[in-house]
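Written out below as structure tokens is the structure these notes cover.
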Amino acid sequence: MRYIQQVAVGRLPELNVYGADYPTKDSTAIQDYIHVMDLADGHVAALRELFTMEKIGCVAYNLGPGHDASVLEMVAAFEKASGKGKIWHL
């Protein structure tokens, strides 16, 4: 998302989208995006749990929001929010 943001605010002229051959509705990759504050909260929760456990082990947690978006869906959201036209090319 960092590059999308830079294009949306004018720091970069356009976004290069690589990989348009995925078996998805717009042929771009699907990803589960997470906000950095949600990731930080997850780390704090894991540390709290670690200090309250009697037995330390290994536990995996999914911090993703549970809904994914394709690369072009994310680009379209930034285009709409920024008011810019098409900001990407393959």
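The values are calculated or read from the model by the stated rules, or taken from the named source; none is laboratory data. Because the structure is a prediction, the values reported are computed rather than measured. Surface accessibility is based on the protein's heavy atoms, side chains included, excluding ligands, DNA and RNA. Shrake-Rupley method; radii C 1.70, N 1.55, O 1.52, S 1.80 Å.
Couple of notes before you dig in:
- Heavy-atom accessible surface of the chain: percent carbon and sulfur, 1.4 Å: 57 percent
- Globularity ratio of the chain, using Cα Rg and 2.2 N^0.38 Å: 1.45
- Between amide H atoms placed 1.01 Å from N, distances below 5 Å from Leu15 occur with Trp88, His89, all of them 5 or more places distant or on a separate chain.
- Heavy-atom accessible area per residue - region 37-90, 1.4 Å, Å²: 80 Å²
- Shape call, region 25-64: gyration tensor on alpha carbons, a/c limit 1.5: oblate
- Whether region 1-41 is rounded, prolate or oblate, judged on the alpha carbon gyration tensor where a/c under 1.5 counts as rounded: oblate
- Rounded to whole Hz, the Karplus (6.51, -1.76, 1.60) HN-Hα couplings of region 10-26, x for glycine and proline: x, 6, 10, x, 7, 9, 8, 9, 9, x, 10, 10, 7, x, 10, 5, 10
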